[in-house]
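Take a look at the structure below.
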Amino acid sequence: MENWRLIITEPTDSFTNMGIDEAIMYFVSEKKVPPTLRFYRWNRYAAALGAHQSVYQELDIDYCKTHNIEIFRRISGGGAVLKDPEGELNYSISVREDHPIIPKDIKKTHEVLCEGIVIGLKKLGFETAEFVPINDIIINGRKVSGNAQARKYKTILHHGTILLKVDVKKMFSVLKVGEEKIRGKLIKNVEERVTSLEQEMGRTPSFEEVEKALIKGFEESLNVKFIKDSLTEEELTLARKLAKEKYSQDSWNFRR
């Protein structure tokens, strides 16, 4: 059984979180660190953009500035979302494309790397948890987790979110939707399609409880053993550099 690395970082800002994800990805590609599972959170509300989205079309920039909500752009695809410091657990997996567990079919990699989430949720008692292509995980027919991938340095960065609790109205406050009538319909539609662990369990599980279940889920799905570790000094240095010179820059976040 192969040993993979487990990293759990303290809540921090968007730019640092994105810098850490890419730094891990780079050093995994260089084989200086093992394939890595990381759990992380935000220390404030933030509005996340997919790599190819237009900030001007997707986000209410004035609202974000007025309410001190960070705007940042991921390296991965996917849609715009609100990052909630108290309501979600984020995870990322960095693994080389040539690793034996990685299928050649790109769509299939989502299923392989999401399977650990499904197993972990079942360990929490959600027997109806299942993967829905291309990148969603549902409980009782409603979305509880969204995922996205980036491919760089011949390495896959797969990251996603588990919703411990969700406030759809707050989520839509940062999105550019249009007329109030349309906004109301969209909110109702999303409330019907999205759920959270709190809604399904009748209580809010702790981050640690969810992490433990997901670790076991990933160990089973990937047939690996996770060894808890810390980021290397090289990773921290590169993460800080990326946060400062890339992810916090308007030239990246407002490039389209």
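Of note:
- Meets criteria (modelled with pLDDT of 95 or more, in contact with a Cys (Cβ under 6 Å, 6 or more places away or on another chain) and farther than 13 Å from Ile156 by Cβ) for Ala47: yes
- Selection from segment 1-53 of residues that are of a type in the set (Lys, Arg) and under 17 Å from the mean Cα position of the chain (by Cα): Arg38, Arg41, Arg44
- When residues of segment 204-218 are limited to those that are in contact (Cβ under 8 Å) with a residue 60 or more places away in the chain and not hydrophobic (A, V, I, L, M, F, W, C), the one surrounded by the most Cβ atoms within 10 Å (Cβ to Cβ): Gly217
- Only residues that are surrounded by fewer than 20 Cβ atoms within 10 Å (Cβ to Cβ), of a type outside the set (A, V, I, L, M, F, W, C) and in a strand (DSSP E or B) were counted in segment 127-159, giving 7.
- Check on Ser221, out of contact with any Asp or Glu (no Cβ under 8 Å at 6 or more places or on another chain), touching a residue at least 40 places away in the same chain (Cβ under 8 Å), polar (S, T, N, Q) and surrounded by 14 or more Cβ atoms within 10 Å (Cβ to Cβ): no
- For segment 245-256, the candidate set comprises residues that are part of a helix (DSSP H, G or I) and touching a residue at least 60 places away in the same chain (Cβ under 8 Å); within that set, the residue that is surrounded by the most Cβ atoms within 10 Å (Cβ to Cβ) is Tyr247.
- The number of residues in segment 188-211 that are farther than 23 Å from Val81 by Cα and assigned to a helix (DSSP H, G or I) comes to 3.
- Leading residue by the ranking (surrounded by the most Cβ atoms within 10 Å (Cβ to Cβ)) among those in segment 160-175 that are in a strand (DSSP E or B) and of a type outside the set (Gly, Ala, Ser): Ile162
- Hits in segment 46-64 - residues which are out of contact with any Gly (no Cβ under 9 Å at 6 or more places or on another chain) and closer than 17 Å to Tyr247 by Cβ: Ala46, Ala47, Val55, Leu59, Cys64
- Test: Leu238 is touching a Phe, Trp or Tyr at 6+ places or on another chain (Cβ under 8 Å) and in contact (Cβ under 8 Å) with a residue 60 or more places away in the chain: yes
- Of the helices (runs of 4 or more DSSP H) lying entirely inside segment 1-99, the ones with 3 or more residues being touching a Ser or Thr at 6+ places or on another chain (Cβ under 9 Å) and crowded, with 20+ Cβ neighbours inside 10 Å are found at 14-29.
- Filter pass, Glu219 being in contact with a helix residue (DSSP H, G or I) (Cβ under 7 Å, 6 or more places away or on another chain) and outside any loop (DSSP other than H, G, I, E, B): no
- In segment 60-78, the residues that are acidic (Asp, Glu) form Cβ pairs under 6 Å with partners that are modelled with pLDDT of 95 or more, at six or more places apart or across chains, as follows: Glu70/Ser14; Glu70/Ala46.
- Hey, Leu214 under 17 Å from the mean Cα position of the chain (by Cα), assigned to a helix (DSSP H, G or I) and modelled with pLDDT of 95 or more or not: yes
- Hits in segment 103-126 (condition: assigned to a helix (DSSP H, G or I) and acidic (Asp, Glu)): Glu111, Glu115
The values are calculated or read from the model by the stated rules, or taken from the named source; none is laboratory data. As the structure is a prediction and not an experimental result, all values here were calculated from the model. Ideal geometry is used to build each Cβ from the backbone, glycine not excepted, and the neighbour counts take in all protein chains shown.
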